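Visitor: Structure incoming, see below.
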Amino acid sequence: MRVLKSFKRDYTLHLMLVPALLLVLVFSYYPMFGFVIAFEKFVAYKGFFHSKWVGFDNFRYIFKMPDFLPAFRNTAIIAILKIVGNLIVPIVIALLLNEVRQTFIKRGVQILVYLPHFLSWVILAGILKDILSPSGGIVNELITALGFKPIFFLGDNHWFRFTLIASDVWKEFGFNTIVYTAALTSINPSLYEAAVVDGASRWKQTLYITLPGIVPIIILLATISLGNVLNAGFDQVFNLYSPVTYSTGDILDTLVYRVGIVSAQYSVSTAIGLFKSIISFVLICASYGLAYRLANYRIF
Amino acid sequence: MIKSSLSRRTFLVCNLVFLTGLSLLCVLPILNVLAVSFSSAGAAAAGEVRFWPVDFNVKAYEVVMKEGKFFGAFGMSVERLLLGTLINMVLCVLTAYPLSKDSKRFPLRTAYAWIFVFTILFNGGLIPWYLAVKQTHLLDTIWALILPGAVNVFNIILMLNFFRGLPKELEESSLIDGAGHLKTLFLIFLPISLPSLATVTLFTMVGHWNSWFDGLMLMKSPDRYPLATYLQSIEIDLSTLRQLNLTDPDTARVVSNRTGRAAQIFMTALPILIVYPFLQKYFVSGLVMGSVKE
């Protein structure tokens, strides 16, 4: 009854939502039902719902694929190390930045370190390929000038994962400090005044006031990043990897692309994608649930 | 003011040095590629280029400019940027406004909000998405680059949280004065939401400019690739030289695969680098405001 009444009074509110709802229906919900092709022997002209049903055959097939388990392992390793790096580095930098008293230096540093976040992986991959090149790239020029052998960062399986993780942290650390910087400014200054009166050194102040002040936001971000355990970064890997580095750099998303688009095995590719989507869904729900319990965090 | 101790001063100096080094680390790679693009092929290949061009010339840019494909792709990107940002923003405020209402006031609000939030929790995967877009017959048109991503749930959440932070009295008085919801949104809410609106708009523009994968998937003819996709396709294909058509021997002496590619990378990044100073003025305050919740 209450709902009906509000419908009459606030029909404009409902109407305003219609365009977005339609788009989401077509481009998000309809594809969601398309996952049924993971259980089919999909034939394009028959469509999502009329191809031959094969049950779990495609899933049995992917677990036997030589590429699948390595890609799964690579995904988890790369993603987890990225999560750790992207959590710790920004905290350290935000704390160091917080110690800078000259505003213009602080602003200058911030402007420069935020920049890579806004460039796409296509541009950054182009830049990385150039500067990391073993023949004439500036990084290897530096390495050889210091008396070491040149390193083929993007073509050597010993270095490829490191390169992915380091370049991702390099791209995002600056932008990730924003949250912490905001949290740091909201710490009550009278706490520091009281600590100074009590004779606490700067180090003790950091340890007992600053850090505890940002612990809630650290816990919140760490919890939410749990949902990214299978997001190793398609844009980055796709633009940096090559067949030479598949063994350490191939991830589920790139495998989905190669199997689905390059080899046109639609059903197999969707099975891999669905496998990832389901695990990710569980992880994201768990992480938001945990964030709600721990920090009373709500998405909206 | 108590004079700081020696250790404190040492720390501050080291800290400044470290942070300066770190900031340089974020821009030097870009400067290096910029310098390579203005250097001669020989100097680049010999690894002589640091952060200043060696044998300065603009031949690489001339070659890229003569190439029709680059400008075609540039035009495609501008078109999607303007049209896409407009549509994204209209949808964003139209959706965020009703969702920002209190659930007592608008009972279905939570149900609607979950419909949108669920799309960021679960997706059907690449192939079903591609097949769905294909069935709409939008492939190879500009709309394929705009409509599938037109509803950005993250931006909607940012905006709706900002709207929720506005005083309730604003809306009440406006409705009492006889304005409808549309009028309230466009005449009362939007004018006072400019910082958040600017942030979301700028993020959307950067997103459109940078987005390349949808172009690769949804544009069948490479002639219709947006710039980011075009750049990606030449990076993957190692024969840039052939694509750049370096038939003139004089040009080929100064411009190589590497300098030509550096020029294209820089020209693709240039629009972002130009708007960046304006961008960074807004996004910090806008982000922080959008994240305030009741």
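Visitor: With Rg and the Kirkwood Rh both taken from Cα atoms, where does Rg over Rh land for the range B:25-85?
Guide: Values: Rg = 15.2 Å, Rh = 13.3 Å.
Here the Rg-to-Rh quotient is 1.14.
Visitor: Also: Ordered by residue, what ³J(HN,Hα) values in Hz, to whole numbers, does the range B:91-107 give under the Karplus form 6.51 cos²θ - 1.76 cosθ + 1.60, where θ = phi - 60° and Gly and Pro are x?
Guide: 5, 5, 6, 4, 7, 5, 4, x, 5, 7, 6, 5, 5, 6, 7, 9, x
Visitor: Using a 10 Å cut-off around each Cβ of peptide A:18-26, what is the average number of partner chain Cβ atoms that fall inside?
Guide: On the way: counts 2, 7, 16, 5, 1, 8, 8, 2, 7.
Counting Cβ atoms of other protein chains within 10 Å of each residue's Cβ and averaging gives 6.
Visitor: Tell me the net charge near B:Gly125. Cut-off is 10 Å between Cβ atoms, B:Gly125 excluded, with +1 for each Lys or Arg and -1 for each Asp or Glu. Could the numbers behind the result be given before it?
Guide: On the way: positive: A:Lys276; negative: A:Asp253.
Once all neighbours under 10 Å are counted, the net charge is 0.
Visitor: Right, another one. Sticking with the crude label model, points 7 Å out along Cα→Cβ, report the distance from A:Phe104 to A:Phe33 in nm, one decimal please.
Guide: 6.3
Visitor: Sort out for me the Cα centre separation of the range A:173-237 from the range B:132-205, rounded to whole Å.
Guide: 31
Visitor: Of chain B, which part is the longest with no trypsin sites (Lys or Arg not before Pro) in a loop (DSSP not H, G, I, E, B) and with at most 16 other C-beta atoms within 10 angstrom? Working shown, then result.
Guide: Working: sites that count: B:Lys3, B:Arg50, B:Lys104, B:Arg105, B:Lys220, B:Lys293.
The reported range is B:106-219.
Visitor: Short version: ³J(HN,Hα) in whole Hz for each residue of the range A:68-81, in order, from phi by Karplus 6.51 cos²θ - 1.76 cosθ + 1.60 (θ = phi - 60°), x for Gly and Pro, what are they?
Guide: Per residue, the Karplus-derived 3J(HN,Hα) values read 5, 5, x, 5, 4, 5, 4, 4, 5, 4, 4, 5, 5, 5 Hz.
Visitor: If r is the Cβ-Cβ distance from B:Val13 to A:Ile187 and R0 is 25 Å, what FRET efficiency results, to the nearest 0.05? Mind dumping the intermediate values first?
Guide: Values: r = 25 Å, r/R0 = 1.00.
After rounding, the FRET efficiency stands at 0.50.
Visitor: With label points built 7 Å along Cα→Cβ from the Cα atoms of B:Phe56 and A:Ala194, find their separation and express it in nm.
Guide: Rounded to a tenth, the inter-label distance reads 6.0 nm.
Visitor: Taking amide H atoms as placed 1.01 Å from N in the peptide plane, list the residues 5 or more away in sequence, or in a different chain, whose amide H sits under 5 Å from that of A:Glu40.
Guide: Under 5 Å from the amide H of A:Glu40: A:Val54.
Visitor: Counting Lys +1, Arg +1, Asp -1, Glu -1, what net charge surrounds A:Phe39 among other residues with beta carbon under 13 Å of its beta carbon?
Guide: Working: positive: A:Lys41, A:Lys52, A:Arg60; negative: A:Glu40, A:Asp57.
Net local charge, A:Phe39 excluded: +1.
Visitor: With +1 on each Lys and Arg Cβ and -1 on each Asp and Glu Cβ, how big is the dipole of chain B about its Cα centre, in debye rounded to the nearest 20?
Guide: Working: 24 positive and 18 negative charges, 149 e Å.
My answer is approximately 720 debye.
Visitor: Turning to a different aspect of this structure: Give the average, rounded to an integer, of partner chain Cβ atoms located within 10 angstrom of each Cβ in A:30-40.
Guide: Details: counts 8, 13, 9, 3, 9, 6, 2, 5, 4, 0, 0.
Mean number of neighbouring Cβ atoms from other chains: 5.
Visitor: Rounded, prolate or oblate: which one fits chain B, using the alpha carbon gyration tensor with axes a ≥ b ≥ c (rounded when a/c is under 1.5, else prolate when a/b beats b/c, else oblate)? Don't jump to the answer; show the numbers that get you there.
Guide: On the way: a/c = 2.73, a/b = 1.40, b/c = 1.95.
Taking the square roots of the gyration eigenvalues as a ≥ b ≥ c, chain B is oblate.
Visitor: Compute the normalised compactness of the range A:195-300: alpha-carbon radius of gyration over 2.2 N^0.38 Å, N being the residue count.
Guide: On the way: Rg = 21.1 Å, N = 106, 2.2 N^0.38 = 12.9 Å.
Rounded to two decimals, the normalised Rg is 1.63.
Visitor: Could you work out the mean count of beta carbons from other protein chains within 10 Å of each residue's beta carbon in A:229-242? Walk me through the intermediate numbers first.
Guide: Details: counts 0, 0, 0, 0, 0, 2, 5, 0, 0, 5, 5, 1, 0, 1.
If you average over the peptide's residues, the count of other-chain Cβ atoms is 1.
Visitor: Where Rh is the Kirkwood radius over the Cα pairs of the range A:1-125, the temperature 20 °C and the viscosity 1.002 mPa s, what D in µm²/s does Stokes-Einstein return? Mind showing how you got there, number by number?
Guide: On the way: Rh = 21.2 Å.
Using the Kirkwood radius from Cα pairs, D works out to 101 µm²/s.
Visitor: Apply the Karplus curve 6.51 cos²θ - 1.76 cosθ + 1.60, θ = phi - 60°, to the phi angles in the range B:58-72 and return the couplings in whole Hz, x for Gly and Pro.
Guide: Along the range B:58-72, the couplings run 10, 4, 4, 5, 4, 4, 5, 5, 5, 5, x, 4, 4, 6, x Hz.
Visitor: Given that compact globular proteins tend to follow 2.2 N^0.38 Å, what is the ratio of the alpha-carbon Rg of the protein assembly as shown to that value? The partial results should precede the final answer.
Guide: Values: Rg = 25.9 Å, N = 594, 2.2 N^0.38 = 24.9 Å.
The value comes to 1.04.
Visitor: Is the range A:131-258 rounded, prolate or oblate when judged by the Cα gyration tensor, a ≥ b ≥ c being the square roots of its eigenvalues, rounded requiring a/c under 1.5 and prolate requiring a/b larger than b/c? Don't skip to the end; give the middle numbers.
Guide: Working: a/c = 3.97, a/b = 1.86, b/c = 2.13.
Oblate, since a/c reaches 1.5 and b/c is not below a/b.
Visitor: Please give me the summed charge of the neighbours of B:Leu185: other residues whose Cβ is under 12 Å from its Cβ, Lys and Arg +1, Asp and Glu -1.
Guide: Numbers: positive: B:Lys101, B:Lys183; negative: B:Glu171.
Result for the neighbourhood of B:Leu185: +1.
Visitor: In straight Cα distance, which aspartates and glutamates are under 14 Å from B:Lys134, not counting same-chain residues fewer than 8 positions off?
Guide: The reachable aspartates and glutamates, counting only those whose Cα sits under 14 Å from B:Lys134, are B:Asp214.
Visitor: Counting other Cβ atoms within 10 Å of each Cβ, which chymotrypsin sites (Phe, Trp or Tyr not before Pro) in the range A:127-164 have at most 11 and sit in a DSSP loop?
Guide: On the way: sites: A:Phe148, A:Phe152, A:Phe153, A:Trp159, A:Phe160, A:Phe162; in loops: A:Phe148, A:Phe152, A:Phe153, A:Trp159.
Qualifying residues, ordered by number: A:Phe148.
Visitor: Report the equivalent ellipsoid semi-axes for chain A in whole Å, largest first, defined as the square roots of five times the eigenvalues of the gyration tensor built from alpha carbon atoms.
Guide: On the way: eigenvalues 323, 219, 61 Å².
Rounded to whole Å, the semi-axes are 40, 33, 17.
Visitor: With the cut-off at 28 Å, tell me which of the pairs A:Lys129/B:Lys69; A:Lys149/B:Lys59; A:Lys171/B:Lys281; A:Lys106/A:Lys171; B:Lys66/B:Lys220; A:Lys106/B:Lys59 have Cα atoms farther apart than that. Mind dumping the intermediate values first?
Guide: Details: A:Lys129/B:Lys69 23 Å; A:Lys149/B:Lys59 33 Å; A:Lys171/B:Lys281 19 Å; A:Lys106/A:Lys171 19 Å; B:Lys66/B:Lys220 24 Å; A:Lys106/B:Lys59 39 Å.
Pairs exceeding the cut-off: A:Lys149/B:Lys59; A:Lys106/B:Lys59.
No value in this document is a laboratory result; all are computed from the given coordinates. Just so you know, these numbers come straight off a predicted model, no measurement behind them. FYI the Cβ positions are ideal-geometry reconstructions off the backbone, even for glycines, and counts take in every protein chain you see.
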